[in-house]
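In what follows, a single structure is set out as structure tokens and then discussed.
Just so you know, all these numbers are worked out from the coordinates, no wet-lab data involved. All figures in this text were calculated on a predicted structure; none of them were measured in a lab. Heads up, the Cβs are rebuilt from the backbone with ideal geometry, glycines too, and the neighbour counts pull from every protein chain shown.
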Amino acid sequence: MTAEAALQKQIEKYRAMTGEERLKLSFDLHELACAITREGIRHQHPNASSEEVERLLRERIMLAHRL
């Protein structure tokens with residue numbers, strides 16, 4: 001399967017989803033992105049507390065909104 005065919009198949013699946021399913025998927029993807037980012041922050045700042053990791057995560061999210 002080509003990349004274009006795979007993309008079209010994925011788009012078809014998204015279109016077949018209900019609004020609720022698409023919303024849940026977006027929240028799940030957001031949570032996954034946050035979890036991955038937290039791990040990156042912990043790697044860059046191994047001595048950071050949980051509160052510091054969350055603060056840095058919020059800063060990165062705000063930066064992304066400004067871009």
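Once you put a point 7 Å from the Cα of Glu54 and another 7 Å from the Cα of Arg42, both along the Cβ direction, what distance in nm separates them?
The modelled label-to-label distance comes out at 1.5 nm.
Report, to the nearest 10°, how far helix 50-66 tilts away from the longest principal axis of the Cα atoms in the chain, using its own Cα long axis and a range of 0 to 90°.
50 degrees
Along the Cα-to-Cβ line of Met17, 7 Å from the Cα, sits a label point; which residues in the range 29-54 have backbone N less than 20 Å from it?
What the label zone holds, given the 20 Å backbone N cut-off, is 29-37.
If you average the alpha carbon positions of the range 1-22 and of the range 27-41, how far apart do those two centres end up, in angstrom?
22 Å
Just checking my list (1) 1.01; (2) 1.16; (3) 1.12 against Rg/Rh (Cα atoms, Kirkwood Rh) computed from this structure; which label fits?
Working out Rg/Rh (Cα atoms, Kirkwood Rh) from the coordinates points to (2).
Taking θ = phi - 60°, what integer Hz values does the Karplus form 6.51 cos²θ - 1.76 cosθ + 1.60 yield along the range 8-24, in sequence order, with x for Gly and Pro?
4, 5, 5, 4, 4, 5, 4, 5, 7, 6, 6, x, 4, 5, 5, 5, 4
Per DSSP H run of at least 4 residues, take -39500 (n - 2.57); add these up for the chain, divide by its residues and hand me the 222 nm value, nearest 500 deg cm²/dmol.
Calculated mean residue ellipticity at 222 nm is -29000 deg cm²/dmol.
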